[in-house]
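Please read the structure below before turning to the comments.
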Amino acid sequence: MQTINQTMPARAVPNNTPMLEMTAITKRFPGVIALDQVSLAVYPFEVHALMGENGAGKSTLMKILTGVYTLDDGKITLEGQAFVASDPRNAQRNGLAIIHQELNQVMELSAFENFFLGREKRNRFGMIDNTFMRQETRRWLHELGLEIDPDSKIKNLRVAERQLLEIAKAISQNARVLVMDEPTTALNASEVKQLFEVISRLRDSGMGIVYISHRMDEIFTISNRITVLRDGKLVGSKLSGDMTRDSLITMMVGRELRELYPTGTREIGAVVLEVNGLALKATAGRQALSDVSFRVNAGEIVGLAGLLGAGRTELLETIYGVPNTALVSGKIKIGTNQTRFKSPHHAIKQGIGFITEDRKGQSLILTRSVLENVSLAALNRFRNGMFLNLKTETKEVGAMVKQLRVKTPNLETPVVALSGGNQQKVVLAKFLLNTPKLFLLDEPTQGIDVGAKAEIYTLIDRLAGQGTAVLLASSDMPELLALCDRILVMCEGRIAGELSRSDATQEKILDLATSFASDTRASNPRGNA
C-alpha cells in the first residue's frame, strides 16, 4: 500500500457524475434550523473533507445521509438515482457506511460480536457461525495492521482499538461511499499513517470518501476537495490545493484567527502536586505504572506525552483516586500534605479537577440538563441545609456557561443535544465552579474545532496565570509544545524523560516515547533530554 506523506493531488472530476449528491438539504429541530439549504457533491476517486466548527451541521448532514435523521427539504441522489435512507441498515444495504464520532458499541460483547452486530452470519443449519465471524474479524483488523483477539471484550480494549474496529467494520461492508467522522481522534501517529494508507487504497479503487476532522494537517494531507459549513449553512467548496490553512480557518470561523496559542508569560509558584515512586498494578485494559516521580508548581502547565498505552491516562486517574487503593503504592502530596485519594469525590473536595478523555462515558450525564451537569461537582456550594438554593445555582451556572460561550438553547437543554465541543465546555465549566488548585486534563481538545480550541487554550493559560497547577496529557504534539512549560514523556508506564519548553521538539519527544522498546535506556528511565 502506498504511504501518504504529502498532499494528495486533486483529481480532475468535471466530466464525472457525482457518486453522491445532496442538494438544498434543510433540517429543523425545535427552536433551531440545524441545516439551511446545504449542498454537497462527492465524486468517485476522491476524499472530500467536510469542515466546520462544532455545531456547524456536519454530523447532522451525515446522519440525514445515513438514515438516522429524516430531511425536511431537499433531495439526495446516489449514483444518479433518487435516494432517501429509511434507516441506517437501509443505508448500509445501499452502499453507505459511516464511522460515527462517538462510538456506539456494546461493551459487554466481544470484538467479533460487535463487528457483526446486526448482520450476524449463519451456517447452513441456521446457527450463528461464530468461527466464521472470528476469522473475518481477525482478517479485517489485520488489514489495518491491528492484532486484536476477536474474543476480547470491547470494555477491555483501548479507545483507539475500538475506533479501529469500527473502521474495519465499515470498510468490510463494500461501501461505495464511506463517511469518516473524526476517525483519528484517539489514534497515534503510526496508526494514523496506517489508516491513511487504507484510505488511499479505497479512494484509488473508486470509492467516494467523506472525511470529517478538526485536524488541519490531516485535511491537507488526505483530502482532494474541502467543503465548509458554518452555522448550518454552506460557506463554499474548493480544491484542497487552492486553499491554505489560514483561508480555511477564515471560512470556518468567519474571521481571521490570529493566535491559536496564548503567548503571555506566567509566574511559577510553590509546589502543588508532588509524586514520588508512584506505582499501579496492571489490570485488564490498563497499563501498569512503575516508579513515577515528578512535581507540578502553581501557575505551571506540565505536559504528559507518550504513545498510546504509555500510561498517561492511568497516571491521571491514579492521582485522582480512580483505581482501588490496594493497587496503588508510592506517595502523592498536594501542597505540603501527603495524601492518596480514596475516590474522585475525595479529590474534588481537595480542589482537584479532572477532564477525562471519554467525556460522554465518564464526565457527563447525557440525559440530564446543562444546569445539572455543570453544578454536579459543586453542589455543596449551593446547599442550604437539606435543600439546594436553586436561584444561586442557576445564576452561577448561567454565568459560567456564558463565560465559556457554551452554545445551548437554555440551561434545561439535555447535554446529549449539544455538539461535541459544547459538551466539552460543559465538562470544563463543571470543575471551574470549584476554582481548582490542580487541573488534570486528558486530551482536552480532542474532537474540538479550531475556534473552540483557541478558546480552551486561552482558558488553560488564564487558569495557570491565576495560580492553578495544570497537568495536561495530549496526543497533539504542537499543542504540548506551545502550551507547556515542561513536558514529561512516558513509555511503558514510566517517565522516560523530561524536556523544558526551550529544549522540546517533536523528534525528542518521539525518541523518548519509544526509549524502552529497545531497552537501550531501560537502565536509566529518566533518560537524558
Among the residues of segment 469-521, write down those that are touching a Phe, Trp or Tyr at 6+ places or on another chain (Cβ under 6 Å) and over 22 Å from S293 (Cβ atoms).
A482
If you check T339 against the conditions, is it of a type in the set (V, I, T) and surrounded by 14 or more Cβ atoms within 10 Å (Cβ to Cβ)?
yes
Conditions (1) surrounded by 22 or more Cβ atoms within 10 Å (Cβ to Cβ); (2) closer than 21 Å to E314 by Cβ -> G447 fails only (2)
Among the strands (runs of 3 or more DSSP E) lying completely within segment 34-130, list those that include at least 2 residues that are over 23 Å from the mean Cα position of the chain (by Cα) and over 13 Å from D181 (Cα atoms).
73-78
Hits in segment 37-67 (condition: among the acidic types (D, E) and at pLDDT 90 or above)
E46
Would you check which residues across segment 356-373 are buried (at least 16 other Cβ atoms within 10 Å of the Cβ) and outside any helix (DSSP H, G or I) and list them?
T356, E357, D358, L364, S369
Quick test for you: out of A34, A12, pick the one residue that is under 20 Å from D242 (Cα atoms), at pLDDT below 95 and among the small types (G, A, S).
A12
Those strands (runs of 3 or more DSSP E) lying entirely in segment 245-355 with at least 1 residues within 22 Å of C484 (Cβ to Cβ):
271-280, 289-297, 301-305, 328-334, 352-355
Residue, surrounded by the fewest Cβ atoms within 10 Å (Cβ to Cβ), within segment 374-392, restricted to residues that are within 22 Å of F354 (Cα to Cα) and at pLDDT below 90:
N380
Here the residues within segment 137-167 that are under 21 Å from the mean Cα position of the chain (by Cα), among the charged types (D, E, K, R) and more than 11 Å from L109 (Cβ to Cβ) are R158, E161, R162, E166
All but one of (1) touching a Gly at 6+ places or on another chain (Cβ under 6 Å); (2) assigned to a loop (DSSP other than H, G, I, E, B); (3) not basic (K, R) hold for A452; state the number of the condition that does not hold.
(2)
Would you confirm whether any residue within segment 114-126 is hydrophobic (A, V, I, L, M, F, W, C), touching a residue at least 60 places away in the same chain (Cβ under 8 Å) and in contact with a Leu (Cβ under 8 Å, 6 or more places away or on another chain)?
no
Would it be correct to say that D476 is under 22 Å from S363 (Cβ atoms) and in contact with a Pro (Cβ under 6 Å, 6 or more places away or on another chain)?
no
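The values are calculated or read from the model by the stated rules, or taken from the named source; none is laboratory data. Not measured: the values here are computed from a predicted model. Every residue, glycine among them, receives a Cβ derived from its backbone with ideal geometry; neighbour counts consider all protein chains shown.
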